[in-house]
């Protein structure tokens, strides 16, 4: 029997993919979440453990005997800190799949010293947004000790958001009072400037696409948390932003037996230093489904001691980025240019 991994938010869209990936890789999942009835219905035969983020004792019961915890329950502004606290009390590693910029920044700000002092491992944003871009930027950088700019461009064929994505977006927007956020001049900066529209040339066959510039995702927290870089820019294809912005866009629909949607993605990362640039590109299918192998591979490496540091650390800092990306095949195809 493999290691046991608690999954908070297990019955959510991404959480179900995480539980399935854990089972496929020989782990024993311990599904957890607020709704006992949904847990029991979704995971018959598993040791389902109801818990609420605002009830520390219930979280302690949910994590009892677990070797690690994956938090897949957004909005992470509400669940992140309580589940990190529970993981620290239990003495087990914590991994989450948060795409919320503020929640990820909070994890670094509030838990870095405590986690390091305890020799604990806390990995936020171990997901499509945040983790994958960070791994690509780290492997693209190679032997450079610093860089002037990192550019992360996303081409999504469609973006049918989950209710969790919509809820997290509302929380983030409220927290920043409707302002936008960017990483420039070595710091996070909130601003009211409109997004610009420009062309980004993705590798073929995607080619040149219209994107919105400064469409900041969790990469503006994860990448500069350990890479010496002045500016981090991120971009999203216009069609994907249109989907995300429309209240009428439906949730993701399964297109195969695994529950993955037909959505495809390209993540194109360019690291620049002076006049030189290096590039790494990832392609795959379904941004929610691909988060599961990212999070589970992270837990597997942490439990095996295949890590570079302790404390709060993003994917590119704590893992061998190139080796990690190679391990994601066949879920993700990576090309280095």
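Looking at residue 216 and the list (1) buried (at least 18 other Cβ atoms within 10 Å of the Cβ); (2) out of contact with any helix residue (DSSP H, G or I) (no Cβ under 7 Å at 6 or more places or on another chain); (3) more than 17 Å from residue 265 (Cβ to Cβ), which single condition is not satisfied?
Result: residue 216 fails condition (2) only.
For the condition at positive phi and in contact with a strand residue (DSSP E or B) (Cβ under 9 Å, 6 or more places away or on another chain), what is the one hit in 119, 45? Working first, answer last.
Working: 45 fails: in contact with a strand residue (DSSP E or B) (Cβ under 9 Å, 6 or more places away or on another chain).
Just one listed residue meets the conditions, 119.
Would you say residue 211 is farther than 22 Å from residue 78 by Cα and surrounded by 21 or more Cβ atoms within 10 Å (Cβ to Cβ)? Spell out how you get there, then give the answer.
Details: farther than 22 Å from residue 78 by Cα: yes; surrounded by 21 or more Cβ atoms within 10 Å (Cβ to Cβ): yes.
Spelling it out, residue 211 is indeed farther than 22 Å from residue 78 by Cα and surrounded by 21 or more Cβ atoms within 10 Å (Cβ to Cβ).
As an exercise: evaluate residue 133 against (1) under 10 Å from residue 312 (Cα atoms); (2) assigned to a helix (DSSP H, G or I); (3) touching a strand residue (DSSP E or B) at 6+ places or on another chain (Cβ under 8 Å) and give the number of the one condition it does not meet.
All conditions are met except number (1).
Of all residues in the range 1-26, which are more than 15 Å from residue 63 (Cβ to Cβ) and either more than 18 Å from the chain's Cα centre (by Cα) or not in a helix (DSSP H, G or I) (or both)?
Those that are more than 15 Å from residue 63 (Cβ to Cβ) and either more than 18 Å from the chain's Cα centre (by Cα) or not in a helix (DSSP H, G or I) (or both): 1, 2, 11, 12, 23, 24, 25, 26.
Residues to consider are 315, 292, 329, 321; find the one that is buried (at least 20 other Cβ atoms within 10 Å of the Cβ) and over 27 Å from residue 185 (Cβ atoms).
On the way: 315 fails: over 27 Å from residue 185 (Cβ atoms); 329 fails: buried (at least 20 other Cβ atoms within 10 Å of the Cβ); 321 fails: over 27 Å from residue 185 (Cβ atoms).
None of the others qualify; the one that does is 292.
Run down 255, 298, 240 and say which single residue is surrounded by fewer than 19 Cβ atoms within 10 Å (Cβ to Cβ), more than 18 Å from residue 337 (Cβ to Cβ) and out of contact with any helix residue (DSSP H, G or I) (no Cβ under 6 Å at 6 or more places or on another chain).
255
Residues to consider are 143, 174, 113; find the one that is at pLDDT 95 or above, out of contact with any strand residue (DSSP E or B) (no Cβ under 9 Å at 6 or more places or on another chain) and not in a strand (DSSP E or B).
Values: 174 fails: at pLDDT 95 or above; 113 fails: out of contact with any strand residue (DSSP E or B) (no Cβ under 9 Å at 6 or more places or on another chain).
The conditions single out 143.
The values are calculated or read from the model by the stated rules, or taken from the named source; none is laboratory data. Values in this document were obtained by computation on a predicted structure and should not be read as measured data. With ideal geometry, Cβ positions are generated from the backbone for all residues, glycine too; neighbour counts draw on all protein chains shown.
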